[in-house]
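The values are calculated or read from the model by the stated rules, or taken from the named source; none is laboratory data. Keep in mind it's a predicted model, so treat the numbers as computed, not measured. As a convention, Cβ positions derive from the backbone with ideal geometry for all residues, glycine included, and neighbour counts pool all protein chains shown. Heavy atoms of the whole protein, side chains included, go into the accessibility calculation; ligands, DNA and RNA do not. Shrake-Rupley method; radii C 1.70, N 1.55, O 1.52, S 1.80 Å.
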Amino acid sequence: MTASVDQRIERILREEAPQVLGALVRRFGRFDAAEDATQEALLSAHTTWRNEGIPVEPRSWLIRVGYRKLIDLLRSEDADRRREQEWVDSPEKRAAPLTPGPAVVGHDDSLELLVLCCHPALSDASRIALTLRAVGGLTTAEIARAYGVSEATMATRISRAKQTLRNAGARFELTVADDLRTRLAAVSRVLYLIFNEGYTATAGEALSRVDLTQEAIRLTRMLAGVAADDAEVQGLLALMLLTEARRDARQEDDRLVLMRHQDRSRWDAALLDEGRRRIEAAWKRGELGPYQIQAAIAAVHAEAATEADTDWTQIAALYLWLERLEPTAPVRLSRVVAVARAFGAPRGLALLDDLDRKHGIMADPLVAARAHSVRAHLLDDLGRHAESRAEFRAAAELAVNEVEKRYLRERGGA
């Protein structure tokens, strides 16, 4: 078995997992059991396909195996055995074809499952965590990092979300009473987090996980296609495209390259052009939101031929606007960088100190490593090199991604 075949199997399984899960959820209405059955089918496929080859229709193969696994799981539940057996053995149910039902937002089960996972019975945090796990393919540890909580806390949250759905008898069907716009907003947040995890991986040797960024962009394209009138969805896609365009220039010989030092000829011109067109069209609608503002910031960067040409004053103003809409630690820290670039390191450091006094930004688990890194760069710009190296070392201790950690250690003199 060659590595290329193994990679092909892994790719197919990753692509088809949401389709299988979506089909089983629609068929049986039990997310928790359907997810377990899907995982069993994937494990079975990994072993069987390596020995016997990949079937002509891998999705159908997985759904059939998942269907059998799910029936076995339902039959094994002592408390529900009779009810589930009657349901499974019902002539009407048995005759029903195991095919996708009417699509809510298109014909792709991945996107439909994203929307359906944002069930009204769940809190916003649980909706996002569950869909990241079910459709995004992120591990519990990666999702925990995105939320700034422990892995154990996130595992409990996901487990409770599944239990909530089961207790509510959730069938993952949109009703007339559902607010589709609310669900789309939750889905957008999920896609945003998936993209961010892919663009800078939580941990590991690779700076980025291209599979996640590409999947986030693919699903967001589909969402943008069916939510053409939603300016924030269009802004989210623009943001992803403009950001992904810089990916290849962020790393050279396994070393992190900051934006100010990147070779802009390596930025993807096609993605930049599409991203700019999309944010310009969305901006004209006058319904501005956080994704559009972030996309506008990325567009300002894209418009600059060189680092020296960047309109940092405009970027600082946009971040101030964004902070009023989303007063979070990542946004505040980004504004520090923009202010420093626009008005000088002393202004940036003063703002950072002020935000730390008011909001404890240096200790915030979401940005602590980056906050120390930002302080280190500002101190270095001010000629306070010994203090700067100490801050770089502190940032390295907090960083998880190996590429970032290596860069910070080198700057810290380690």
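General remarks:
- Subset tally (residues that are at pLDDT 95 or above, of a type in the set (Val, Ile, Thr) and under 30 Å from Val400 (Cα atoms)) for the range 250-293: 1
- Condition met for Ala170 (in contact with a His (Cβ under 7 Å, 6 or more places away or on another chain) and either open to solvent by less than 50 Å² (accessible area, probe 1.4 Å) or at pLDDT 75 or above (or both)): yes
- Cross-chain or 6+ apart pairs with Cβ under 9 Å, the range 336-360 first and touching a residue at least 24 places away in the same chain (Cβ under 8 Å) and on the phi > 0 side of the Ramachandran plot, then aliphatic (A, V, I, L, M) and part of a helix (DSSP H, G or I): none
- Scanning the range 264-273 for residues that are closer than 21 Å to Leu193 by Cα and open to solvent by 70 Å² or more (accessible area, probe 1.4 Å) gives no hits.
- Enumeration of residues in the range 241-284 that are part of a helix (DSSP H, G or I) and of a type in the set (Lys, Arg): Arg247, Arg250, Arg260, Arg264, Arg266, Arg276, Arg277, Arg278
- Qualifying residue in the range 284-293 (condition: of a type in the set (A, V, I, L, M, F, W, C) and open to solvent by less than 10 Å² (accessible area, probe 1.4 Å)): yes
- Some residue of the range 220-227 being open to solvent by less than 20 Å² (accessible area, probe 1.4 Å), within 12 Å of Ser188 (Cα to Cα), small (Gly, Ala, Ser) and touching a helix residue (DSSP H, G or I) at 6+ places or on another chain (Cβ under 7 Å): yes
- Within the range 227-280, being farther than 30 Å from Leu180 by Cα, among the charged types (D, E, K, R) and touching a residue at least 60 places away in the same chain (Cβ under 8 Å) holds for Asp254, Arg255.
- From the list Arg276, Arg247, Arg255, the lone residue that is farther than 23 Å from Arg209 by Cβ and open to solvent by 40 Å² or more (accessible area, probe 1.4 Å) is Arg276.
- Check on Arg189, open to solvent by 40 Å² or more (accessible area, probe 1.4 Å), assigned to a helix (DSSP H, G or I) and modelled with pLDDT of 85 or more: yes
- Within the range 294-311, no residue satisfies the criterion of being closer than 25 Å to His372 by Cβ, at pLDDT 95 or above and surrounded by fewer than 19 Cβ atoms within 10 Å (Cβ to Cβ).
- Flag if Ser334 is hydroxyl-bearing (Ser, Thr, Tyr) and surrounded by fewer than 19 Cβ atoms within 10 Å (Cβ to Cβ): no
- Any hit, the range 24-31, residues being of a type outside the set (Gly, Ala, Ser) and open to solvent by 30 Å² or more (accessible area, probe 1.4 Å): yes
- Pairs where the first residue, in the range 396-414, is open to solvent by less than 10 Å² (accessible area, probe 1.4 Å) and the second is assigned to a strand (DSSP E or B) and modelled with pLDDT under 95, C-beta under 6 Å, 6+ apart: Val403/Leu256
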